[in-house]
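The values are calculated or read from the model by the stated rules, or taken from the named source; none is laboratory data. Only a predicted model underlies this, so the values are computations on that prediction, with no experimental measurement involved. In this analysis, Cβ positions are derived from the backbone assuming ideal geometry, glycine residues included, and neighbour counts consider all displayed protein chains. Side chains included, ligands, DNA and RNA excluded: accessible areas come from the protein's heavy atoms. Shrake-Rupley method; radii C 1.70, N 1.55, O 1.52, S 1.80 Å.
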Amino acid sequence: KSQPPYIKENERSYFIQPVTDIHLHSNLANEWQSNSNIVYVNVLIVVAAFILFLACINYINLATARGSERAREVGVRKVMGAVRNQLVGQFLGESFVTTMIALIVSVAMAEGAMRLYLDDLVGKQLSVFEIFSTTHLVWAMGGLMLLTLISGMYPAFFLSHFRPVSMLKGGSTKSGAGLTLRRSLVAFQFVISSLLIVGMIIIQRQAEFMREKKLGFDNEQVVNIRLFDRHAGRNFRTLKDQLLRESVVKEVAVTSTFPMKEGFHAWPVTPEGHAAEDRMTMKSMSGDEDVLNALNLQLISGRNFTRDNPADSAQAFILNEAAVKSLGWTDPVGKDFELTYFADRGANWRKGKVIGVVKDFHFESLYNTIDPLVIFINTQHYYCDYLVVKLAPGNINESMRVLENNWNKFNPNKPFEYSFADEDLGNLYAEETRLSSMFSSFTMLSIMVSCLGLFGLSAYTMSQRLKEIGIRKVLGASVGDLFTLLSREYLVLIMLAQVIAAPLAWWFASQWLSGFAYQVGISMTAFLITWAAAIGFGILSISIHVFRAVRANPAATLRIE
């Protein structure tokens, strides 16, 4: 009942939203601050799950590879009366203890990482212990049991199936199926690592692209002063005149909004050549005669607003290139244009002519294409939301003191609220920057886990092939020949992983980039870097053990029983 008439006429509807849903699940106009996205949280959860799975793969690989060392133990236990279920329980218990120790160590490491790294990254002081609750403890114990089963189930059944007679006689535990599984798991590790490397490169390039892209307006040394009450909106000219007398100020303009902020309202327009019933909507920005100068927008045809022509304040429009293109005009200057906008007293009709065209500029985020935009003069207090101040080069702290002193003289009962345009733009893409940094950390961690698994597996494999290496050296094999022979198996697995990972990485990267209207694209450079990194890390992981094995004295290795 207390709503103004023009709001009732528009039949606006309302809905209730939980405050806790705003940060991750909301993307509405005039939010409290730049929101995050639940998609990014889910991506990081999936990546963390992949890294955990890589660690489980390492445990499975090393536990099954060491099966021959525990074969006699299993044989003795079975002879002493142990049944298979008891052996399975023993090996699962070992896996549980290992996972429990890892959980305790990881909590301590996570707390240290939050103190040293994450606090600066997310801009908040966090602690692992703050999130502990009954629910989280239940989830933690459930995760502990799940990891125990994933990492321990196959080794438990693999080790418990040995026949006691064969094992006590020194029988072999080698299995073609087990070897194939270990190779498959190593290849899978490098598939995941390669996916993360490509993702890291694409995310970093996109974040850098958004930070460095020329937006078509001046955001250096530009301060936005919020005119958040009716007094400031009605009397902005007083403050503007005060500021223009200061030597630290170059330009001042009032605007309804600022590029990359909310408030580019879409109003009904009727351009020349269109019937009234065929009117369309077009986004708008209003201000005074100096708005183009303050933002340093490039005029490509026609003229700017001027105080020398009083009609400009009520009858002049300036369009961007996207608006001209959408209307199909080749020579827009001088064409009739009509706009309807709503203020605190209802609808306002403005009819006039197009006097100029500005070069397209990004007034919304790079997630969106540049929409058609109309700029017009409107100094009604209802849309005097920002005072845009272009500062002269110099001491920024001194300049801000001058602005604040003038504000306090103008409106002493209201706080001086301002923001720097370049900082606003940085905050707009803060989530992408944080995602890039965290994704890089996860990628490095996944590479390290994969290399550790390959390092351990190659150590065991080399120990099993010492006699073979000794015989080959006695028969004349060179160090280079042996290195090629022993590393070939791993390099084939790594290259196979790249073949599998490449199309998957391309698809995932395409899906993520599709959310941006302006994007860097996917280049072969990312895949070449990934292939080089995977092969390089793979060779580095196995080279120590390979060289140690091929340089061993064959006389010593052939005496090993």
Kindly write out, for the stretch 38-54 in residue order, the coupling ³J(HN,Hα) from the Karplus curve 6.51 cos²θ - 1.76 cosθ + 1.60 (θ = phi - 60°), rounded to whole Hz, with x marking Gly and Pro. 4, 4, 5, 4, 5, 4, 5, 5, 4, 4, 4, 5, 4, 5, 4, 5, 4
Please report the base-10 log of the normalised intensity I(q)/I(0) for the stretch 371-507, using a Debye sum with one equal scatterer per alpha carbon and no solvent, at each q in 0.13, 0.15, 0.18 (1/Å). -0.87, -1.02, -1.20
In sequence order, what are the phi-derived ³J(HN,Hα) couplings for the stretch 464-475 according to the Karplus relation 6.51 cos²θ - 1.76 cosθ + 1.60 with θ = phi - 60°, rounded to whole Hz, with x for glycine and proline? 7, 10, 4, 5, 4, 5, x, 5, 5, 5, 4, 7
Per its Cα gyration tensor (rounded if a/c is under 1.5, else prolate when a/b beats b/c, else oblate), the chain is best filed as prolate
Could you calculate the contour length gain from Glu73 to Trp139, that is, 0.36 nm times the residue separation minus the distance between their Cα atoms, to one decimal place in nm? 20.2 nm
Listed residues Leu62, Gly81, Thr330: farthest to the positive end of the dipole of the chain (Cβ charges): Gly81
What spacing in nm lies between the two simple spin-label points modelled at Val39 and Trp506, each 7 Å away from Cα in the Cβ direction? 2.2
Quick check: from the Cα gyration tensor, does the stretch 486-561 come out rounded (a/c under 1.5), prolate or oblate? prolate
Calculate, for Met100 and Leu491, the FRET efficiency according to 1/(1 + (r/R0)^6) with r their C-beta to C-beta distance and R0 30 Å; round to the nearest 0.05. 0.25
Nearest 20 debye, what's the magnitude of the dipole of the chain about its Cα centre given +1 on Lys and Arg Cβ and -1 on Asp and Glu Cβ? 3000
Dipole axis of the stretch 188-328 (+1 Lys, Arg; -1 Asp, Glu on Cβ), positive-most option in Ser286, Val252, Ile202: Ile202
Keeping all protein chains in place and using 1.4 angstrom, which order do Ser194, Ser313, Ser247 fall into by accessible surface area, from largest down? Ser247, Ser313, Ser194
What residues have an amide H closer than 5 Å to that of Val249, excluding those fewer than 5 places away on the same chain, when H is modeled at 1.01 Å from N in the peptide plane? Ala392
Multiplying the sequence separation of Tyr518 and Glu404 by 0.36 nm and subtracting their Cα-Cα distance, what value in nm do you get? 37.3 nm
Solvent accessible area, Å² - Phe442, 1.4 Å probe, full protein context: 50
Can you show me the helix-derived [θ] at 222 nm for the chain, built from DSSP H runs with n ≥ 4 at -39,500 (n - 2.57) apiece and divided by the number of residues, rounded to the nearest 500. -18500 deg cm²/dmol
Rounded to the nearest 5, the percent of antiparallel DSSP beta bridges in the stretch 316-423 equals 70
Those GluC sites (Glu not before Pro) from the stretch 203-262 that are DSSP loop and have at most 14 other Cβ neighbours within 10 Å turn out to be Glu220, Glu262
What dipole magnitude, in Debye to the nearest 20, does the stretch 348-416 give about its Cα centre under +1 on Lys/Arg Cβ and -1 on Asp/Glu Cβ? 340
Return the sequence-ordered ³J(HN,Hα) values of the stretch 185-191 in whole Hz as given by the Karplus equation 6.51 cos²θ - 1.76 cosθ + 1.60 applied to θ = phi - 60°, using x for Gly and Pro. 5, 4, 4, 5, 4, 6, 5
Size of electric dipole in the stretch 309-460: Cβ of Lys, Arg +1 and of Asp, Glu -1, about Cα centre, debye, nearest 20: 280
Highest to lowest packing among 17-24, 366-373, 447-454, 146-153, scored as the average C-beta count within 10 Å: 447-454, 146-153, 366-373, 17-24
Rounded, prolate or oblate: which fits the stretch 198-337, taking a ≥ b ≥ c as square roots of the Cα gyration tensor eigenvalues, rounded meaning a/c under 1.5, else prolate when a/b beats b/c? oblate
Counting only the heavy atoms of the protein chains, how much of Ile60 is accessible to a 1.4 Å probe, in Å² to the nearest 10? 20
As a test question: what accessible area, to the nearest 10 Å², does Met280 have when a 1.4 Å probe is rolled over all protein chains in place? 60
For the cross-link pairs Lys250/Lys353; Lys240/Lys261; Lys390/Lys414; Lys240/Lys409; Lys283/Lys359; Lys213/Lys240, which exceed 19 Å when the distance is taken from alpha carbon to alpha carbon? Lys250/Lys353; Lys240/Lys261; Lys390/Lys414; Lys213/Lys240
Ranked from highest to lowest mean number of other Cβ atoms within 10 Å per residue, what is the order of the peptides 477-483, 432-438? 432-438, 477-483
